[in-house]
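The values are calculated or read from the model by the stated rules, or taken from the named source; none is laboratory data. A quick note: this is a predicted structure, and the numbers were derived from the prediction, not measured. Cβ coordinates were reconstructed from backbone atoms using ideal geometry, including for glycine residues, and neighbour counts include every protein chain displayed.
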Amino acid sequence: MSKKLTRMGHERLQAEYDDLLHKKRPKIVKGISDAAAEGDRSENAEYIYGKKHLREMDKRLQYLASLLKDVQVIDPAKQPRDRVCFGTTVTVQDETKELKHFMIVGEGETDFYAGSISERSPVAQALLGKQVGDRIEIYRPKGLWEVEVVEIGAKD
């Protein structure tokens with residue numbers, strides 16, 4: 001089963017991967033090499049820090065590669081507007097009449113402050129497939145949340 005990413009999320013993750021692999025990583029490797037050439041590595045802070053930084057960067061590169069492998073890129077603008085699905089932005093209203101906006105996206109491209117949530121989150125799972133006017137009970141870690149879907153659209 002392939003993973004899904006929005007077009008915008010895929011482009012952002014691919015750009016980060018390319019920048020790390022082709023620009024930042026070679027600079028760190030060169031810095032480590034230069035520091036190693038200075039002699040005693042056990043007391044060389046630049047060498048020790050560089051190796052640590054390289055390990056962290058390699059972990060991030062590995063994570064990004066796993067996100068970008070076998071991925072299905074979804075264009076939110078081409079998604080149906082009659083129901084909540086991957087890539088759409090949904091507006092819900094709770095019992096206090098407060099409006100919340102969520103864009104349902106793939107793993108690795110979520111941004112709480114921008115309102116994007118993972119398709120695997122409890123909120124997204126409860127919203128997927130719903131239509132305007134549907135009332136939903138969402139079980140979140142902090143308790144039950146009752147909302148009504150008031151708008152479905154695309155945001156890209």
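Do we find a residue being of a type outside the set (S, T, N, Q) and either in a helix (DSSP H, G or I) or more than 29 Å from Ser118 (Cα to Cα) (or both) anywhere in region 77-88? Yes; the residues of region 77-88 include at least one that is of a type outside the set (S, T, N, Q) and either in a helix (DSSP H, G or I) or more than 29 Å from Ser118 (Cα to Cα) (or both).
Taken over region 1-29, the residue count meeting the criterion of being over 25 Å from Asp75 (Cα atoms) and touching a residue at least 12 places away in the same chain (Cβ under 8 Å) is 6.
This table checks each residue for (1) more than 30 Å from Leu144 (Cβ to Cβ); (2) among the acidic types (Asp, Glu); (3) out of contact with any Asp or Glu (no Cβ under 6 Å at 6 or more places or on another chain).
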{"site": "Leu20", "(1), (2), (3)": "yes, no, yes"}
{"site": "Met57", "(1), (2), (3)": "yes, no, yes"}
{"site": "Leu61", "(1), (2), (3)": "yes, no, yes"}
{"site": "Leu64", "(1), (2), (3)": "yes, no, yes"}
{"site": "Gln72", "(1), (2), (3)": "yes, no, yes"}
{"site": "Gln93", "(1), (2), (3)": "no, no, no"}
{"site": "Glu98", "(1), (2), (3)": "no, yes, yes"}
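When we screen Gly31, Gly106 for residues that are surrounded by 16 or more Cβ atoms within 10 Å (Cβ to Cβ), under 30 Å from Gly143 (Cβ atoms) and either of a type in the set (Gly, Ala, Ser) or in the same structural domain as Lys130 (by TED's automatic domain parsing) (or both), the only hit is Gly106.
When each of Gln79, Gln72 is tested for being among the polar types (S, T, N, Q) and either out of contact with any strand residue (DSSP E or B) (no Cβ under 6 Å at 6 or more places or on another chain) or surrounded by 15 or more Cβ atoms within 10 Å (Cβ to Cβ) (or both), the lone residue that passes is Gln79. Being among the basic types (Lys, Arg), at pLDDT below 95 and closer than 21 Å to Arg12 by Cα is the requirement here; does Arg140 meet it? No, not satisfied. The condition of being surrounded by 11 or more Cβ atoms within 10 Å (Cβ to Cβ) and either hydroxyl-bearing (Ser, Thr, Tyr) or assigned by TED's automatic domain parsing to the domain that holds Ile104 (or both) holds for only one of Ser66, Ser42, that being Ser66.
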